[in-house]
Amino acid sequence: MGRLKIFSIVTSRNINRANNNLLPASNSNSTRQNLIQNHNSTANTKDDASPNPVINFLRQLMSGKKIDGGSRTEEEEKVYSWLYTLAQTERDMAFEYVRSTERGLSFTEAEKRLKENGPNVPLEYKFPSWWHFLWNAFFHPFNIILIVLSVLSYIASDSPNGCIMLILVLISVCLRFYQEYGSSKAAMKLTEFVRSPVKVQRCAGRVVQTELVVLVDQRDVVPGDIVIFEPGDLFPGDVRLLSSKDLVVSQSSLTGESWTTEKTADIREDQSTPLLDLKNICFMGTNVVSGSGTGLVVSTGSKTYMSTMFSTIGKQKQPDDFEKGIQRISFVLICVMLIVATIIILIDYFTSQNLSESILFGLSVACALTPQMFPLIVNTSLAKGALAMARDRCVVKSINTIRDMGSMDILCIDKTGTLTMNHAIMVNHLDNWGSPKEKVLRFAFLNSYFKTDQKYPLDDAILAYVYTNGYRFQASKWKKLDEIPFDFIRRKVSVILETESNIEDRSSQFNGRFMITKGALEEVIKVCSFVEHIDTGSITSFSPEDQQRVLNLGEEISNEGLRVIGVSVKRLQPHKSDGSMGSGDTVESDMVFLGLITFYDPPKDSAKQALWRLAEKGVKAKVLTGDSLSLAIKICQEVGIKTTHVTTGPDLELLSQDSFHETVKRATVLARLTPTQKLRVVQSLQTVGKHVVGFLGDGVNDSLAIDAANVGISVDSGASVSKDFADIILLEKDLNVLVAGVERGRLTFGNTMKYIKMSVIANLGGVLSLLFATMFLQSEPLTPKQLLTQNFLYSVGQIAIPWDKMEEDYVKTPQVWSEKGLPMFILWNGPVCTLCDVTALMFLWFYYKAYNQMHVAFFRSAWFIEGLLMQTLIIHLIRTEKIPFIQEVASWPVLCSTLIISAIGIAIPYTAIGDVMGFIQLPLSYFGFLVLLFIGYFTVGQVVKRTYIFVYKKWL
């Protein structure tokens with residue numbers, strides 16, 4: 001059977017057929033042929049259209065289609081046409097369109113179609129291969145620069161330098177590859193397609209046809225299969241209903257709306273009906289709430305409405321400003337490197353007349369100009385943040401997301417399960433005038449206590465309320481006679497109870513036989529002819545005015561964010577037999593309306609605190625939900641989200657483009673949103689508002705917004721497609737984890753910016769000093785070996801930067817890359833480094849007379865130590881706005897790194913290694929000068945820092 005797995009045979013029956021053909025003739029209907037051909041052209045886009053989201057996006061741009069949901073793509077139009085045709089056709093003709101029969105497909109035909117169409121997997125998400133992660137880790141601008149310099153070093157016979165740079169690249173690539181590949185593997189385990197069995201009718205036999213109802217995996221369902229569904233089942237594809245009985249379906253996975261819709265097979269739709277309102281079509285990803293039926297699968301996998309809807313948009317993430325900035329830095333450094341290295345090679349060649357030595361020295365200068373540790377430090381910082389989030393039970397699929405979280409200034413969140421606890425708590429029990437009455441609670445309790453068909457969360461909430469508040473309703477004195485179970489057509493449940501015969505007080509109002517009904521308020525009111533005034537005990541006619549008053553009361557309560565159900569009762573005459581009391585339609589009538597029970601889905605205890613902490617850090621929260629506006633407002637008020645500016649999806653549809661963007665900018669609560677509207681809101685915030693947006697959601701209806709957000713977040717219990725598109729998967733629904741992620745993102749961003757600014761300034765300043773010294777001395781201020789040793793020690797000392805701390809004020813605000821920030825920072829602070837080097841050069845020239853070949857070893861020894869100490873100490877000046885070592889001290893790993901590298905650099909001239917490298921011992925007076933020099937360096941640097949902060953209002 002190939003991949004087809006038959007788990008169990010539910011039922012079988014033998015049917016003798018004269019006609020053995022399982023499929024109708026292929027030329028039986030030209031209309032069917034045209035439709036099938038049209039649909040297959042859509043179906044076969046697997047071969048013609050790449051699933052690559054970038055390619056899909058480019059194709060949309062080329063075709064002129066909007067990506068905001070305002071118009072449908074060609075593929076969507078074909079799916080719409082296909083489904084509308086099947087909705088309008090006769091039941092029997094539907095079999096013709098999909099080339100199936102009332103008996104279902106044969107096993108052979110099903111296997112053939114499975115090979116042709118592929119597994120029934122939505123969106124065709126494929127886990128990237130290991131080489132994809134390896135390539136992404138390798139292909140970094142600074143990695144490429146280091147590799148090119150390494151090759152040139154080997155060509156120039158400078159193997160040690162080339163080897164060092166290759167080792168740095170290898171460590172950086174391995175670190176990033178290990179983190180992203182490991183995280184993605186963990187995410188893949190969470191996002192595996194849930195294998196759920198589906199009841200399918202198949203037929204077998206050549207002469208005697210045997211119809212079998214078998215369980216097959218959802219992945220193996222094919223177009224033409226007949227599926228049988230019951231409450232709780234998911235539709236494995238787009239389905240044309242063949243039969244139905246009281247069928248109610250939830251389409252919240254597609255619409256985001258929490259209410260249900262009725263479906264029926266006995267209807268032919270017309271073109272004017274909205275697609276999702278078609279009564280005889282059920283969609284992949286939706287589920288059966290109540291009722292049962294059979295359906296003909298007309299589309300599977302990537303050819304369904306759900307897959308077409310979500311796959312045609314693809315990744316629409318905004319370009320990463322940080323990465324674009326790094327590319328610009330790389331380009332600038334390459335240009336400066338080529339210019340400076342060429343000048344130094346020419347100057348050195350004219351003085352030494354040794355081309356190979358001059359080229360080697362030029363390569364050494366180019367290496368000194370390159371921030372060799374950049375990829376390693378960035379990836380170490382990101383991996384450190386990802387590991388910290390893993391300890392908080394988060395799976396980070398892309399480590400760049402850690403940095404993006406530091407820049408995030410708006411977090412869009414769904415309501416249910418994120419802000420709320422996602423379970424009901426009973427609030428009150430009211431009579432028809434809105435006053436709390438115990439009798440209403442008593443009968444509601446008895447109904448929930450004795451119903452056995454199916455317990456719902458509202459029943460548990462009623463029982464919990466009674467038990468925890470000390471009520472004693474003596475359920476043991478009642479006996480259940482019958483039950484009319486809940487269904488989504490009647491939307492109510494009734495139980496028939498009778499008090500035990502040994503009750504002494506025969507005149508009690510709770511003595512006798514009763515039918516107790518509770519359910520949707522409108523449905524309960526329909527079966528009531530009387531209303532009880534509990535205070536007086538009188539029962540009067542339930543007039544239209546009374547009914548409207550109760551409905552208005554229910555609406556007022558609903559507007560407060562509470563859910564309402566009605567309770568009614570009817571005293572029955574005792575019968576000699578305890579048999580069934582008849583159908584619900586006949587018994588549930590002429591009842592007495594008692595009152596209402598109200599419920600609430602409370603906010604999480606941690607939600608308010610987490611939102612307050614996010615607001616403290618400059619992250620504004622916006623609620624994007626498919627639920628009602630009143631309910632969303634109630635929850636937001638509970639957790640501290642402002643509700644002065646709210647709107648709904650239908651209202652947004654009426655706005656012009658400019659008004660839409662302005663409304664989205666101001667609104668904090670956006671309710672009754674469709675998936676496409678959520679996407680448009682996120683894109684508006686990104687493009688027009690220039691915000692870095694995060695989106696937290698867990699449903700299929702959230703997937704578009706998760707995909708488009710800068711930081712897409714889902715949970716492990718969320719829909720498969722939402723986890724596929726997410727950058728971060730939470731193993732617990734706790735917003736406090738995101739607060740920690742924001743802090744770590746800003747810490748990572750800050751430490752990265754420390755290194756970038758510090759290394760670029762130090763390297764550019766050092767190289768300009770080398771250029772100046774080479775022109776001034778007419779010789780190499782440092783040999784290539786000495787320069788590379790200095791650069792290597794300096795680079796090793798920077799490894800501790802990812803473990804540095806950030807000031808509290810820095811992590812309180814979102815941090816973003818500034819295009820003009822780095823160039824201005826270099827222009828202000830770069831001259832300070834060059835000034836320090838030139839001062840040392842002048843001191844050596846005039847005080848120690850180190851300006852001829854006799855003193856070249858002394859000059860190089862002194863210049864080596866000064867340059868190494870300056871590049872090592874600069875991190876303490878750059879890392880803080882405050883006065884280093886006085887107002888702010890670095891973390892102990894950075895301090896230890898500074899002390900160790902400085903000690904090694906000072907000690908080298910006094911060791912055998914220094915003799916080999918051409919160094920000599922230096923007098924103590926020079927170290928006294930260095931103390932004064934660096935005091936002056938930090939003083940001037942601090943003055944420049946405060947002036948820069950005064951002008952630009954920020955430092956890092």
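For ASP734, the shell of other residues with beta-carbons less than 11 Å away shows a net charge of 0, using +1 for Lys and Arg and -1 for Asp and Glu.
Could you order the peptides 834-844, 923-933 from most to least packed, using the average number of other C-beta atoms within 10 Å per residue?
Ranking the peptides 834-844, 923-933 by packing returns 834-844, 923-933.
Rounded to the nearest 10 square angstrom, TRP135 shows an accessible area of 140 square angstrom against a 1.4 Å probe.
Full extension of the segment from MET775 to LYS953, taken as 0.36 nm per residue of separation minus the current Cα-Cα distance, would add 60.2 nm. The packing ranking of peptides 748-760, 332-344, highest mean first, is 748-760, 332-344, where packing means the average number of other beta carbon atoms within 10 angstrom of each residue. Available extension along the chain between VAL943 and LEU655 is 98.4 nm, counting 0.36 nm per residue and deducting the alpha carbon span. Per residue, the stretch 240-283 exposes 43 Å² of accessible surface when a 1.4 Å probe is rolled over the protein heavy atoms with every protein chain present. Among the protein heavy atoms of the stretch 658-814, carbon and sulfur supply 56% of the accessible surface, probe 1.4 Å, non-protein parts ignored.
LEU278 sits among other residues whose Cβ lies under 12 Å from its own Cβ, and their net charge, with Lys and Arg +1 and Asp and Glu -1, is -1. Put a dot 7 Å past the Cα of ILE904, heading toward its Cβ, do the same for ASP535, and the two dots end up 8.8 nm apart.
Under the simplified labelling scheme, the SER925-TRP612 pair shows an inter-label distance of 6.6 nm, with each label point 7 Å from Cα along Cα→Cβ. Separation of the stretch 424-460 and the stretch 812-869, taken as the distance between their Cα centroids, equals 79 angstrom.
Segment ASP809..PHE846, full-extension length gain: 8.8 nm, with 0.36 nm per residue of separation and the alpha-carbon distance subtracted.
The values are calculated or read from the model by the stated rules, or taken from the named source; none is laboratory data. Not measured: the values here are computed from a predicted model. Here Cβ is always computed from backbone atoms with ideal geometry, including for glycine, and neighbour counts include all displayed protein chains. SASA here: full protein model, heavy atoms, side chains in, ligands and nucleic acids out. Shrake-Rupley method; radii C 1.70, N 1.55, O 1.52, S 1.80 Å.
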